[in-house]
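Beneath this line is the structure, given in structure tokens, with notes to follow.
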Amino acid sequence: MGRQVLVTGGTGYIGSHTVVELQAVGFDVVIIDDLSNSSAEVVDQIEKISGIRPAFEEFNLLDSEKLEAFFKKYTGIEAIIHFAAFKAVGESVEKPLLYYRNNLVSLMNILDCMSEYKVANLVFSSSCTVYGQPDQLPVTENTPKKDAESPYGNTKAISEEVLRDVVKVTPDLKVIALRYFNPIGAHPSALIGELPRGVPNNLVPFITQTAAGIRQQLSIFGDDYDTVDGSCVRDYINVVDLAKAHVIAINRLINNTNSDRFEFFNIGTGTGASVIEVVQTFEESTGVKLNYKIVARRPGDVEKIYADTTIANSVLGWKAETSLYDTLLSAWNWEKRIRGIN
Ligand code: WQD
């Protein structure tokens, strides 16, 4: 078995795709997940894809005793990818304490154990929400961070500050924060994908559930923005391409090729797409006509944001490869499989 990596939140959407890509290049993956937003069946699906069943421990990272016991059991952990966090923007507005406690204390518990058990390498799941509504586009890593639009986004911004400050006083600790734009799509096998609980907050799962007949109609939140067609613009990144960025980041840390001990990278395609363009591309790629209507703007929405990927391309050596067309088709294939649609 290869070098051992802990993936927290490894049965989740981005986590599970990252586990598959880590296993594909020989890493020995261990998952911690509390299954608050995923199911244990994902471990079976990962095994079906890779032929390797990752070790899986079910508990919440707020339980520091269980986390201590974990590191006493798994003594070979060389690096950690930390996905585990609550991530529903709207819910975070209603329940800020739940989000600040879960997302921040989990990270701090991980950092405590890394110090105690001498784990030096951490890849952190961050988000473009740290930029708020940028004044200039595309967004570079030097674009000033702004007040996040939600407590969820704020937990990502605060987590980065915690990491920056802890790195300063922990000589052996190396951290890479990956600032995701909008992750979408599913593994080509359609065995893993995005499975939001309840009514989807995010655009693409709402589209695929509408196409599957689970939702009656997609509401497009506003077409009066200053964009190509009035609907909001985002940088939609294929989840497998995003997973591969984590493998590159882990290798960068393990091989000590990082240039600073706290690095951060924008992980996007570099191309913006409007909501209406996403809908049109979905219809083209799947042949499914989508029932939608234009409604009022959603409070807190950023008008447009997309990444400048120069640094990720040149320094990290990573580039998005999958088209929006193919990514939306992968999302539809996943939806059809889980709903038993031919
Ligand atoms: C995208 C666009 C909506 C649903 C959030 C988080 C971000 C990341 C991704 C975790 C917007 C429009 C949506 C719908 C719509 N999450 N939309 N009808 O808000 O850009 O980002 O999810 O890391 O951190 O902030 O993603 O998919 O919710 O919305 O018109 O039913 O689709 O207005 O313009 P968002 P989203």
The lone exception for ASP260 - which of (1) in contact with a strand residue (DSSP E or B) (Cβ under 9 Å, 6 or more places away or on another chain); (2) open to solvent by 10 Å² or more (accessible area, probe 1.4 Å); (3) touching a residue at least 60 places away in the same chain (Cβ under 8 Å) it fails: (3)
Among the candidates SER274, SER285, which residue alone is polar (S, T, N, Q), open to solvent by less than 70 Å² (accessible area, probe 1.4 Å) and within 13 Å of the ligand (Cβ to nearest atom)? SER274
I'd like to know if region 86-93 contains one or more residues that are touching a residue at least 12 places away in the same chain (Cβ under 8 Å) and farther than 24 Å from LEU242 by Cβ. yes
If we keep only residues of region 175-220 that are among the basic types (Lys, Arg) and assigned to a loop (DSSP other than H, G, I, E, B), then the residue farthest from the ligand (Cβ to nearest atom) is ARG197
Out of region 160-182, which residues are hydrophobic (A, V, I, L, M, F, W, C) and open to solvent by less than 60 Å² (accessible area, probe 1.4 Å)? VAL162, LEU163, VAL166, VAL167, LEU173, VAL175, ILE176, ALA177, LEU178, PHE181
So is THR227 in a loop (DSSP other than H, G, I, E, B), in contact with a Phe, Trp or Tyr (Cβ under 7 Å, 6 or more places away or on another chain), over 25 Å from LEU195 (Cβ atoms) and open to solvent by 20 Å² or more (accessible area, probe 1.4 Å) or not? no
Just checking, which of LYS293, LYS304 is open to solvent by 60 Å² or more (accessible area, probe 1.4 Å) and touching a residue at least 40 places away in the same chain (Cβ under 8 Å)? LYS293
Restricting region 137-159 to residues that are in a helix (DSSP H, G or I) and surrounded by fewer than 20 Cβ atoms within 10 Å (Cβ to Cβ), the one nearest to the ligand (Cβ to nearest atom) turns out to be ALA157
Do you know which residues across region 88-136 are open to solvent by 10 Å² or more (accessible area, probe 1.4 Å), more than 26 Å from ALA249 (Cα to Cα) and of a type in the set (Gly, Ala, Ser)? GLY90
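The rows are residues; the columns are (1) under 20 Å from the mean Cα position of the chain (by Cα); (2) free of Cβ contacts under 8 Å to residues at least 60 places away in the same chain; (3) closer than 23 Å to ASN182 by Cβ; (4) open to solvent by 30 Å² or more (accessible area, probe 1.4 Å).
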| site | (1), (2), (3), (4) |
| --- | --- |
| VAL5 | yes, no, no, no |
| GLY9 | yes, no, yes, no |
| ILE14 | yes, no, yes, no |
| VAL20 | yes, no, yes, no |
| VAL30 | yes, yes, no, no |
| ASP33 | yes, yes, yes, no |
| ALA40 | yes, yes, no, yes |
| ILE46 | yes, no, no, no |
| ALA55 | no, yes, no, yes |
Within region 288-298, the residues that are within 10 Å of the ligand (Cβ to nearest atom) and either in contact with a Pro (Cβ under 6 Å, 6 or more places away or on another chain) or in a loop (DSSP other than H, G, I, E, B) (or both) are ARG297, ARG298
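The values are calculated or read from the model by the stated rules, or taken from the named source; none is laboratory data. For clarity, every value in this text was computed on a predicted model and none was experimentally measured. Neighbour counts run over all protein chains shown; Cβ positions are idealised from the backbone, glycine included. What goes into the accessible areas is simple: the full protein's heavy atoms, side chains included, and nothing from ligands, DNA or RNA. Shrake-Rupley method; radii C 1.70, N 1.55, O 1.52, S 1.80 Å.
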